[in-house]
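FYI, it's all coordinate maths here, none of it is from the lab. As the structure is a computational prediction, the values presented were derived from the model and not from experiment. Cβ coordinates were reconstructed from backbone atoms using ideal geometry, including for glycine residues, and neighbour counts include every protein chain displayed.
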Amino acid sequence: MNVSAEEFFQRRLQGIVAGYSFGWLLAANLVGLWLATVLIVPEWGNAFGELTYGRWMPLHMDWQLYGWCSLPLVGLLAAFYLRTGDAVEAHVGFLAWSLALILGGVLSLQGVVSGKLFLNWSGLGRVAFPTAQVVLWLIVAAASWRRWKSVRRWDRVQLLQIVLLVVLIASPIGLFIAAGRDVYPPIDPESGGATGHSLLASSLGIIGIFGFLPLLLRAPRKNPSSRIGSIYAESFLASILVWALIDHGNASDRSWAQILGLGVLVIWVPLLVRYFRSFLWPAGLTRWVSAFLAWWGALTLTGFLTFLPHFLDILKFTNGMVAHAHLAMAGMVGALNFLVLGSLSGCEKGDPWADGSSFWLWQIGVGVYVLAMWVQGAREGVDPMILVGADSATRVLYAIRWGGGLFMIVANLRWIILLAQQRRTSKAPIAVGEREWCDG
């Protein structure tokens, strides 16, 4: 099959993005497995001297967030700007990003961190990562400028690219400022913690991104005349109105206004399912669409229940919060990332994202991990003393959690192997008009 140079580039870019993404996922997962091991056999932690649990944990979280959770979306951004002949520049951008992550990991192991959750950039790392973001920004801006110089009449896509470039330059500036000591402390004495309005606000921001995602991934609608897009937008505006009306600032989770405000998110579970099901997805990605919607629904429902007074009193400051975080990052975001990766240049038989075995290894691993930590969190909430000294049930649950992590690493390794095989065979991409679409 003859393919255009542009299609070949998109396939190549897909491989570049997947390679860096899977690499950082494996690195972060291996650190996570080591942390899970130390919780089962604490004395093994002495093998690395000063490199204790507290040194490895920030590295694990930042590599997951800024590595695996971010790079597929960075790849989507690159696909929006870069064209044929820009593959070298794409490599340079992802390499700069990766070098900053390596430096951040080294600094974490030396104890050079800010103490802020997911904003641990400190010292040289506080400069290095925003610099990597600027490098990537300059690459996409320069590539766009080379193309724009020969354009006589600009269209809406080019205008959108300019606007987005202006918005994106705020990211490295904002990250540098937020990581500083003077913005807010790691523990804010003026805050009582997450409230209904704050959780609703952050969740609505994510829902807004979800609304644009099928359009960014160029998924065609099943029924162009359907009103689901309008319903989505109207529901989003109504949810923002609810957020604006409930109390802001410090508010108790025993306030009915806060509970009902956060309860708006429950309505979004079936609405998001209906919205994503209104699009046609490449056949090999339908299982990832289903996984994304399932993990999203579980995350939303359990998150709302956890906010309720009795449940929160039991699960706060326990491994129940660890379960919730992994349900979000490993479950929902993991599935979403595969949807993005597979949509960058089609989905063929033999692609990592089309492999059913590794898909189920990952889902089982995440499910085992989350369930074990929920049970452990409930036990800790009822009796916090089980964490003091030896407790056989705790060690068993930690061992089950370790097994779930191992399942995820095996799936991760399989994706890397499949990607390497794919690159060796150099399969040509499938043109959009020739893809096998599925109702999902």
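What to note about this one:
- Taking 0.36 nm per residue of separation and subtracting the current Cα-Cα distance, fully stretching the chain between Asp383 and Arg277 would add 33.8 nm.
- Summarising the label geometry, the points placed 7 Å from Cα in the beta-carbon direction at Leu138 and Leu308 lie 5.4 nm from one another.
- Coupling constants for segment 123-129 follow from the phi torsions by the Karplus curve (6.51 cos²θ - 1.76 cosθ + 1.60, θ = phi - 60°), and in residue order they are x, 5, x, 5, 8, 5, 6 Hz; glycine and proline get x.
- Excluding the site residues themselves, the longest part of the chain lacking any chymotrypsin sites (Phe, Trp or Tyr not before Pro) in a DSSP loop with at most 16 other Cβ atoms within 10 Å is 155-316.
- Given R0 = 51 Å, the distance between the Cβ atoms of Leu413 and Val163 translates into a calculated FRET efficiency of 0.80.
- Cα long-axis angle, helix 156-168 against the chain (0 to 90 degrees, to the nearest 10): 30
- Dipole moment magnitude, nearest 20 debye, the chain about Cα centre, only Lys, Arg, Asp, Glu C-beta charged: 1380
- Averaging Cα coordinates gives a centre for segment 250-329 and one for segment 61-77; these two points are 21 Å apart.
- Along the axis of the charge dipole computed for the chain (Cβ charges of +1 for Lys and Arg, -1 for Asp and Glu, origin at the Cα centre), the listed residues Leu301, Ala143, Phe176 are led at the positive end by Ala143.
- Computed from Cα atoms, the angle from the helix 87-109 axis to the main principal axis of the chain rounds to 10 degrees.
- Under the criterion of Cα pairs below 8 Å and six or more residues apart, the relative contact order for segment 1-184 equals 23 percent.
- Residues whose amide H lies under 5 Å from that of Phe279, counting only those 5 or more places away or on a different chain, are Lys222; hydrogens are built 1.01 Å from N in the peptide plane.
- Rounded FRET efficiency, nearest 0.05, which uses the C-beta distance separating Arg181 from Phe317 and R0 of 41 Å: 0.95
- Available extension along the chain between Trp44 and Glu234 is 62.9 nm, counting 0.36 nm per residue and deducting the alpha carbon span.
- Note on Met57, Met373, Met329, Met385: ascending count of other Cβ atoms within 10 Å places them as Met385, Met57, Met329, Met373, the fewest first.
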